[in-house]
Amino acid sequence: AAAEQDAEHLTSIEQDGLPQAETLEELLGQLAWPEQVDGAAVVVERMVVPPEAESGLPQDPDAAVDYLMQHPDRQDVRMAVGVLRTGESWCALRTRAHDDDDAVGGSPDAVPGLVAALRATFA
């Protein structure tokens, strides 16, 4: 009813019983939304390091995670990606180091892989 009154109304729904997946992109590849759903959004946090950080990356996966978590140039990034059934998308990004409302970057395709994966849930 709220969505019928306000075209920009959003309803947050937590999905229970999701299928097993190794990555968010793999999970999204297993989902499809019913016709009543006009759009969907996901918010994820990722750790980003410069490419040169890979030169010292240990082979052991647990040691590699520890190495990356302790890297002095590590940046934590929060990404919100939304897609409408009609195809429009928007991405917003903010780093923990610049955690201010005026330090949010955004564009329709700032996170192209996640936009594509989310868009595919409406195909």
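The values are calculated or read from the model by the stated rules, or taken from the named source; none is laboratory data. Computed from a predicted structure; not experimentally measured. Here Cβ is always computed from backbone atoms with ideal geometry, including for glycine, and neighbour counts include all displayed protein chains. Side chains are part of the model used for accessible areas, which takes the heavy atoms of the whole protein and leaves out ligands, DNA and RNA. Shrake-Rupley method; radii C 1.70, N 1.55, O 1.52, S 1.80 Å.
In the range 48-66, is there at least one residue being open to solvent by less than 60 Å² (accessible area, probe 1.4 Å) and under 24 Å from L31 (Cβ atoms)?
No, there is no match, as no residue in the range 48-66 is open to solvent by less than 60 Å² (accessible area, probe 1.4 Å) and under 24 Å from L31 (Cβ atoms).
Considering every residue within the range 70-80, establish whether at least one is on the phi < 0 side of the Ramachandran plot, small (G, A, S), exposed (fewer than 15 other Cβ atoms within 10 Å of the Cβ) and not in a loop (DSSP other than H, G, I, E, B).
Checked the range 70-80: no residue is on the phi < 0 side of the Ramachandran plot, small (G, A, S), exposed (fewer than 15 other Cβ atoms within 10 Å of the Cβ) and not in a loop (DSSP other than H, G, I, E, B).
Within the range 29-41, can one find any residue that is open to solvent by less than 50 Å² (accessible area, probe 1.4 Å), touching a helix residue (DSSP H, G or I) at 6+ places or on another chain (Cβ under 8 Å) and in a loop (DSSP other than H, G, I, E, B)?
no
So which residues in the range 25-39 are charged (D, E, K, R) and closer than 20 Å to P112 by Cβ, if there are any at all?
Within the range 25-39, E25, E26 meet the criteria.
Under 9 Å between Cβ atoms, which residue pairs at least 6 apart in sequence (or on different chains) link something in the range 13-39 that is of a type in the set (D, E, K, R) with a partner that is assigned to a helix (DSSP H, G or I)?
Short answer, once both residue conditions are applied: E25/G113; E25/L114; E25/A116; E25/A117; E26/A117; D38/A3.
Could you check T121 against (1) at positive phi; (2) touching a residue at least 40 places away in the same chain (Cβ under 8 Å) and say which number it fails?
So the condition that T121 fails would be (1).
With closer than 23 Å to T23 by Cβ, of a type in the set (G, A, S) and modelled with pLDDT of 90 or more as the only criterion, which of A53, A40 stands out?
Step by step, each of A53, A40 is checked, and only A40 is closer than 23 Å to T23 by Cβ, of a type in the set (G, A, S) and modelled with pLDDT of 90 or more.
Does the range 86-108 contain at least one residue that is of a type in the set (S, T, Y) and open to solvent by 50 Å² or more (accessible area, probe 1.4 Å)?
yes
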